[in-house]
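Just below is one structure, and these are the notes that go with it.
The values are calculated or read from the model by the stated rules, or taken from the named source; none is laboratory data. For clarity, every value in this text was computed on a predicted model and none was experimentally measured. Virtual Cβ from ideal backbone geometry, glycine too; neighbours counted across all protein chains shown. The accessibility values were calculated without ligands, DNA or RNA, using every heavy atom of the protein model including side chains. Shrake-Rupley method; radii C 1.70, N 1.55, O 1.52, S 1.80 Å.
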Amino acid sequence: MLRDLNEVSEELSQWAVSDHVRIPTGFSFFDDRTNGGIAPGQLMFCLARTGVGKTWLLVNIAVNVPQVPTIIFSLEMHGRYIMERLASVHTNTPTKQIEKELRAGNRSRALDETCRDYPMLMVEDDPDITVGDMEAVLEKYAEIHEQPARLILIDYLELIRAFTDSQMAKVQGLARELKVFSREHDVAVVVLHQVKRGEANAGHKPLDLTDGKFGSEESADFVLGMYRPSMNPTINQDLRDSLDNDIRLQFLKTRTGGGIHPEGKQHYWNGDTGRISEIRF
């Protein structure tokens with residue numbers, strides 16, 4: 001769309017004084033470097049190896065923004081398990097306790113509180129969905145809530161259906177589609193991205209931009225990474241146990257100023273509730 005500078009300048013001015021300038025992730029190592037978080041029309045990739053906890057990171061971001069109209073597209077996991085994780089992170093209640101209460105025939109305080117505190121959060125758990133289908137879900141959300149969704153969380157990129165037999169073409173094409181999707185609908189999009197297999201059992205190692213599959217990170221405005229030192233297969237059990245709560249979040253790419261954090265900032269990981277918390281020194 002060809003536009004003159006006066007029109008673009010007016011749009012920028014309206015955005016800057018709107019109620020939806022940026023959406024914080026709740027993690028200052030990122031939010032402080034981006035003037036407050038991810039903005040409408042921007043796309044973020046979150047890279048991690050298998051078993052590190054990608055879905056937990058997405059759930060934590062959702063929990064950190066209770067007032068933001070949000071949709072979680074859960075392609076990997078049934079909605080009921082996303083609900084359990086949301087409740088666990090939000091109320092600091094272990095998932096085991098939630099399940100125990102429900103099996104005993106009792107109502108779960110954690111579930112009730114989460115439903116009450118997140119009225120603008122919805123989950124779409126159709127496992128066979130295209131980016132076009134996601135647009136229809138956005139329309140349905142707007143009809144239900146009488147306002148558009150502002151934050152889209154996707155678990156995860158490789159599970160979105162695409163009409164190609166080539167994995168490379170699929171991943172690169174989906175990345176471009178999601179970028180267009182974020183721009184056309186003026187939403188912030190955070191999508192999990194499975195790291196290429198490469199070295200086995202390497203969840204303890206920091207990531208870099210080359211770990212994304214097929215150069216798809218080129219479409220992203222931001223790229224985060226995540227790893228856990230306790231997943232090192234060469235350390236003994238005592239050391240592994242001592243590192244169990246250590247999770248590192250990396251800031252690998254940005255299109256804005258503020259600087260990245262490629263080595264990773266240490267956060268506290270609660271293995272019982274999935275809560276990822278900042279460590280204040």
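Given L57, L86, which one is closer than 30 Å to R161 by Cα and out of contact with any helix residue (DSSP H, G or I) (no Cβ under 6 Å at 6 or more places or on another chain)?
L57 is the lone residue from the list that is closer than 30 Å to R161 by Cα and out of contact with any helix residue (DSSP H, G or I) (no Cβ under 6 Å at 6 or more places or on another chain).
Assess whether L47 counts as being touching a His at 6+ places or on another chain (Cβ under 7 Å) and over 18 Å from I279 (Cβ atoms).
Taking the combined requirement at face value, the residue satisfies it.
For residues that are out of contact with any helix residue (DSSP H, G or I) (no Cβ under 8 Å at 6 or more places or on another chain), part of a loop (DSSP other than H, G, I, E, B) and open to solvent by less than 10 Å² (accessible area, probe 1.4 Å), tally how many sit in segment 28-38.
Residues in segment 28-38 being out of contact with any helix residue (DSSP H, G or I) (no Cβ under 8 Å at 6 or more places or on another chain), part of a loop (DSSP other than H, G, I, E, B) and open to solvent by less than 10 Å² (accessible area, probe 1.4 Å): 1 in total.
Collect the residues in segment 69-81 that are open to solvent by less than 50 Å² (accessible area, probe 1.4 Å) and in contact (Cβ under 8 Å) with a residue 60 or more places away in the chain, keeping them in residue-number order.
Matches in segment 69-81: P69, T70, I71, I72, F73, S74, L75, M77.
Would you mind telling me which numbered condition in (1) of a type outside the set (S, T, N, Q); (2) touching a Leu at 6+ places or on another chain (Cβ under 9 Å); (3) loosely packed, with under 15 Cβ neighbours inside 10 Å D112 fails?
(2)
When the residues of segment 206-222 are filtered to those that are assigned to a helix (DSSP H, G or I) and of a type outside the set (G, A, S), which remaining residue is farthest from G26 (Cα to Cα)?
Per the criteria, the residue is F214.
From P69, P94, grab the single residue that is farther than 26 Å from H185 by Cα and within 22 Å of the chain's Cα centre (by Cα).
Within the list P69, P94, the selection yields P94.
Quick check: anything in segment 13-24 open to solvent by less than 40 Å² (accessible area, probe 1.4 Å), touching a residue at least 40 places away in the same chain (Cβ under 8 Å) and touching a strand residue (DSSP E or B) at 6+ places or on another chain (Cβ under 7 Å)?
Within segment 13-24, one or more residues are open to solvent by less than 40 Å² (accessible area, probe 1.4 Å), touching a residue at least 40 places away in the same chain (Cβ under 8 Å) and touching a strand residue (DSSP E or B) at 6+ places or on another chain (Cβ under 7 Å).
Output yes when any residue across segment 36-49 is among the charged types (D, E, K, R), closer than 22 Å to V65 by Cβ and touching a residue at least 60 places away in the same chain (Cβ under 8 Å), and no when none is.
no
Considering segment 1-27 alone, what residues qualify as being part of a helix (DSSP H, G or I), modelled with pLDDT of 80 or more and under 26 Å from the mean Cα position of the chain (by Cα)?
If the condition is that a residue be part of a helix (DSSP H, G or I), modelled with pLDDT of 80 or more and under 26 Å from the mean Cα position of the chain (by Cα), then no residue fits.
Among (1) open to solvent by 40 Å² or more (accessible area, probe 1.4 Å); (2) at pLDDT below 95; (3) not polar (S, T, N, Q), where does D155 come up short?
(1)
Among the residues of segment 181-203 satisfying the criterion of being at pLDDT 90 or above and part of a loop (DSSP other than H, G, I, E, B), which is nearest to I260 (Cα to Cα)?
Selected residue: V187.
Counting only residues that are open to solvent by less than 60 Å² (accessible area, probe 1.4 Å) and among the hydrophobic types (A, V, I, L, M, F, W, C), how many does segment 260-281 have?
Looking only at that region, the number is 3.
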